[in-house]
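Asks: The structure follows.
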Amino acid sequence: IYDSGNYPGMLEKVLAKIDYPAIKASSEKAKREGRAVGVGLGYFVETSGLGPWEYARVEVDPRGKVMVYVGCASVGQGVETSLSQIAADALSVNPEDVIIVHGDTNLVPFGMGSNASRTTVMAGSAVFRACEKVKERLFQLAVGALEIDLGDLELANGRVTARGAPERSLGLVELARLAAPTSALKIGIQPGISEFDFFPMTKRAYPYGVHVAQVEVDRETGIVKILRYLVSEDIGRAVNPMLVEGQMVGGLAQGFGGAFLEEFAFSSDGQPLATSFMDYLLPTAMEVPHVETLSVEECRSPWNPLGVKGAGEGGIVAAGGAIANAVSDALGMEVTRLPMKPEYVRELALRGSKK
């Protein structure tokens with residue numbers, strides 16, 4: 001069940017950004033000059049935010065720091081940055097005052113881990129909901145100290161303030177002091193500022209986007225050169241646009257690997273021939289060209305409180321299709337398998353020349 005999307009609108013945005021009529025015209029001009037230049041598109045819809053649940057606990061310590069304990073893990077996708085931004089925004093504090101704790105089973109008893117482009121969707125939502133509970137707790141502590149009704153309080157700049165009377169306020173350090181056992185028990189409330197949440201989700205969020213590739217094929221060698229490449233993705237809401245762009249470009253590097261290099265080869269008697277990275281090739285900075293990106297926040301997901309969708313795989317899933325379509329356009333022969341290693345592309349070029 002798709003959550004949200006404007007698929008024709010995304011295609012229109014991509015074609016406008018790449019100036020599709022112009023890039024097609026340049027390819028046709030190159031063909032008239034005898035060069036094998038082509039353009040290909042690949043449209044993808046992919047699943048993200050795999051459930052069934054994720055855990056987060058949020059505490060305010062005596063220093064006024066916000067401690068966030070999460071069951072996901074950092075695998076290079078920027079967990080600490082994105083989750084600290086979510087907590088900082090929910091509690092109106094600086095991201096520098098948020099400390100993310102993950103990967104320690106002594107401190108984090110539950111968690112489903114980082115996979116399936118789920119971290120921001122699942123852990124981010126759990127953090128947000130736990131922060132909402134902490135916010136209520138802060139207001140409860142402030143009601144008695146400020147002698148003001150709950151409905152007249154607001155949280156801004158890390159302080160609970162009386163609406164319309166900014167001089168009447170309490171910071172997180174002061175509120176943490178009020179929540180200490182001696183003070184809290186004296187006024188009959190539970191000590192500490194600590195809340196947890198299990199965010200459940202049975203439906204998934206579906207990011208989607210378009211890849212556009214313009215390539216030139218050397219018919220003699222079968223080498224494919226990327227002239228232009230655009231990857232786009234609608235992820236509902238970008239917590240950190242720079243991280244989203246990094247995910248798109250980093251994912252595309254893996255997509256290039258699948259399109260050109262990576263292959264599990266076996267001998268006729270079933271022996272694996274790709275048993276080391278000398279045989280199983282991965283793309284390096286030499287193989288990954290300049291990439292244009294387009295991150296769209298048009299269709300938020302209704303399945304989670306942040307409206308976010310996963311961004312971890314958008315750079316991968318359409319790369320093979322877009323590049324294969326571009327090579328097919330360049331040679332006038334349909335690419336039918338990946339990876340497009342030089343010997344295969346050269347064979348296609350030879351067959352195309354005989355047509």
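The values are calculated or read from the model by the stated rules, or taken from the named source; none is laboratory data. These figures come from a predicted structure and were not determined experimentally. Neighbour counts are summed over all protein chains in view; Cβ atoms, including those assigned to glycine, are modelled from backbone coordinates with ideal geometry. Each accessible area value is taken on the protein alone, full model and side chains, heavy atoms only, with ligands, DNA and RNA left out. Shrake-Rupley method; radii C 1.70, N 1.55, O 1.52, S 1.80 Å.
Asks: Rg(Cα) of segment 1-101 divided by 2.2 N^0.38 Å?
Replies: In units of the 2.2 N^0.38 Å rule of thumb, it is 1.81.
Asks: Same structure again: Rg/Rh for segment 224-355: what does it come to with C-alpha atoms and Rh from Kirkwood?
Replies: Taking Rh as the inverse mean 1/r over Cα pairs, Rg/Rh reads 1.07.
Asks: How much of the accessible area of the chain, in percent, comes from carbon and sulfur atoms when a 1.4 Å probe is used?
Replies: 54 percent
Asks: Where only protein heavy atoms count, and the probe is 1.4 Å, what is the accessible area per residue for segment 97-176 in Å²?
Replies: Value for segment 97-176: 47 Å² per residue.
Asks: Give, in whole angstrom and from largest to smallest, the semi-axes √(5λ) of the equivalent ellipsoid of segment 141-186, with λ running over the eigenvalues of the Cα gyration tensor.
Replies: 19, 12, 7
Asks: Set the bar at 20 Å for Cα to Cα. Now go through K31/K354; K65/K186; K225/K354; K31/K355; K31/K225; K31/K341 and name every pair that lies beyond it.
Replies: Table pairs above 20 Å Cα-Cα are K65/K186; K225/K354; K31/K341.
Asks: Could you list the trypsin sites (Lys or Arg not before Pro) in segment 172-264 that lie in coil according to DSSP, counting only those with at most 14 other Cβ atoms within 10 Å of their Cβ?
Replies: Passing both the DSSP loop test and the Cβ count: K203.
Asks: Scan [x] 26, 43, 23, 8, 0; [y] 28, 59, 13, 0; [z] 32, 59, 9, 0 for the value of P(r) over Cα pairs in 20 Å bins from 0, in percent calculated from this model and give just the label.
Replies: Structure-derived value, by its label: [x].
Asks: Out of the chymotrypsin sites (Phe, Trp or Tyr not before Pro) in segment 238-279, which ones are loop residues according to DSSP with at most 11 other C-beta atoms within 10 Å?
Replies: In loop regions of segment 238-279 (DSSP not H, G, I, E or B), the sparsely surrounded chymotrypsin sites (Phe, Trp or Tyr not before Pro) are F264, F277.
Asks: Note down the relative contact order for the chain as a percent, whole number, built from C-alpha pairs under 8 angstrom at least six residues apart.
Replies: Across the chain, relative contact order equals 25 percent.
Asks: Leaving out same-chain residues fewer than 8 places away, which aspartates and glutamates sit with a Cα under 12 Å from that of K309?
Replies: D3, E46, E233, D234, E297, E298
Asks: What does the charge count around G34 come to, taking other residues whose C-beta lies under 13 Å from its C-beta (Lys +1, Arg +1, Asp -1, Glu -1)?
Replies: Local charge sum for G34: 0.
Asks: Report, by chain and number, residues whose modeled amide H sits under 5 Å from the one on L153, excluding near sequence neighbours (fewer than 5 apart, same chain).
Replies: R163
Asks: Moving on to the next point. Please give the net charge around T221, taking every other residue with its beta carbon less than 11 angstrom from that of T221, where Lys and Arg add +1 and Asp and Glu add -1.
Replies: Around T221, the surrounding residues sum to 0.
Asks: Roughly how many nanometres apart are two label points built 7 Å out from the Cα toward the Cβ at M286 and K31?
Replies: Between M286 and K31, the label points sit 3.2 nm apart.
Asks: Of all DSSP beta bridges located in the chain, what percent are antiparallel, nearest 5?
Replies: The antiparallel proportion sits near 80 percent.
Asks: If DNA, RNA and ligands are ignored and the probe is 1.4 Å, what is the ranking of H290, H211, H102 by accessible area, most exposed first?
Replies: H290, H102, H211
Asks: Could you let me know the centre-to-centre spacing of segment 80-155 and segment 158-203, using Cα atoms, in angstrom?
Replies: 12 Å
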